Amino acid sequence: MTGREIIQALHAGRRVFSSALTAQSPLWPNLAKTLGIDFVFIDTEHIPLDRQTLSWMCQTYQAAGLPPVVRIPRNDPFEACKVLDGGAGGVIGPYVETADQVRALVGAVKWRPLKGRRLEDALRDPNTLEPELRAYLEKRNGDKILIANIESTPAIENLHEICSVPGLDSVLIGPHDLSCSLGIPEQYDHPRFDEAVRKIFKIAREHGVGAGIHFWLGLEQEITWSKAGGNLVMHASDIVAFSRTLKSEIEQLRKALEA
């Protein structure tokens, strides 16, 4: 899928599939094309990637036809512009709690390269832009995806306002941080965590915004939540898949060969 097709699918409620890929091998993008995902999630919030390496990864995934969507380390429009300039197909804002944070990211992702007063005016009212400039910006940035991480109780409290910001394509639950904010760390089967997930999905979909959760601890639970309204299926990561599969196979080999 192209960036525009992914954006359309997220808003329409159609399912979009992704996974977090962190390996920097040149073989990885060709492998990723066989996985059945629609875009790649690259994390720079928790994973140490320098700007040059990140750009190489983004450019390579773009060439493979898989838009790379990068989680920036903080909700700074300049950080968003940096990864987009390096070849990213979109941005994930971490730990978003306010509509103003989303609005600032919309300015960077959807109205780049406008800055300063002209950008402030455009965010307040796009009709302040000359028709030729607005058409140029919409064409230039129309395939750039914007996703907001929802990871706290204040974010849930402000979610109607967050999802009302034009230009936001999807929300994505960060389960670990959300569970901690709820006071039930890593208790993903807790009724209050399940209630929060379903509430986030419901509000996002009411506003025509995509919704998902980055999950890796059980396909059955992931399927259940997706059927409850999540249309962004952000499944696990290369690190999780590698460690889980290799550990299981080594255990099987030890058991068979030591019998």
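The values are calculated or read from the model by the stated rules, or taken from the named source; none is laboratory data. This one's a predicted model, so the numbers in the text were calculated from it and none came from an experiment. Cβ coordinates were reconstructed from backbone atoms using ideal geometry, including for glycine residues, and neighbour counts include every protein chain displayed.
A few remarks follow.
- On inspection, residue 168 fails the criterion of being modelled with pLDDT of 95 or more, buried (at least 23 other Cβ atoms within 10 Å of the Cβ) and touching a Ser or Thr at 6+ places or on another chain (Cβ under 8 Å).
So that you can scan it fast, the table gives a plain yes or no per residue for (1) over 26 Å from residue 139 (Cβ atoms); (2) at pLDDT 95 or above:
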{"residue": "22", "(1), (2)": "yes, no"}
{"residue": "33", "(1), (2)": "yes, no"}
{"residue": "43", "(1), (2)": "yes, yes"}
{"residue": "61", "(1), (2)": "no, yes"}
{"residue": "70", "(1), (2)": "no, yes"}
{"residue": "83", "(1), (2)": "no, yes"}
{"residue": "88", "(1), (2)": "no, yes"}
{"residue": "93", "(1), (2)": "no, yes"}
{"residue": "98", "(1), (2)": "yes, yes"}
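Let's see how each residue does on (1) at pLDDT 95 or above; (2) farther than 30 Å from residue 122 by Cα:
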site: 159; (1), (2): yes, no
site: 162; (1), (2): yes, no
site: 173; (1), (2): yes, no
site: 195; (1), (2): yes, yes
site: 205; (1), (2): yes, no
site: 217; (1), (2): no, yes
site: 224; (1), (2): yes, yes
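- Criterion (touching a Pro at 6+ places or on another chain (Cβ under 9 Å) and in contact (Cβ under 8 Å) with a residue 24 or more places away in the chain) met by exactly one of 151, 79: 151
- The range 81-120, subset among the small types (Gly, Ala, Ser) and over 13 Å from the mean Cα position of the chain (by Cα), residue nearest to residue 40 (Cα to Cα): 87
- Hey, residue 136 aromatic (Phe, Trp, Tyr) and touching a strand residue (DSSP E or B) at 6+ places or on another chain (Cβ under 9 Å) or not: no
- Residues of the range 141-193 classified as assigned to a loop (DSSP other than H, G, I, E, B), closer than 17 Å to residue 222 by Cβ and more than 15 Å from the chain's Cα centre (by Cα), total: 5
- Scanning the range 91-114 for residues that are in contact (Cβ under 8 Å) with a residue 24 or more places away in the chain, outside any helix (DSSP H, G or I) and on the phi < 0 side of the Ramachandran plot yields a count of 10.
- Top-ranked residue of the range 199-218 - restricted to ones that are touching a Phe, Trp or Tyr at 6+ places or on another chain (Cβ under 9 Å) and surrounded by 16 or more Cβ atoms within 10 Å (Cβ to Cβ), ranked as nearest to residue 241 (Cα to Cα): 215
- Count of residues meeting criterion [surrounded by fewer than 21 Cβ atoms within 10 Å (Cβ to Cβ) and in contact with a Cys (Cβ under 9 Å, 6 or more places away or on another chain)] in the range 51-83: 0
- Within the range 113-154, being under 27 Å from residue 212 (Cβ atoms), in contact with a helix residue (DSSP H, G or I) (Cβ under 6 Å, 6 or more places away or on another chain) and of a type in the set (D, E, K, R) holds for 143, 144, 151.
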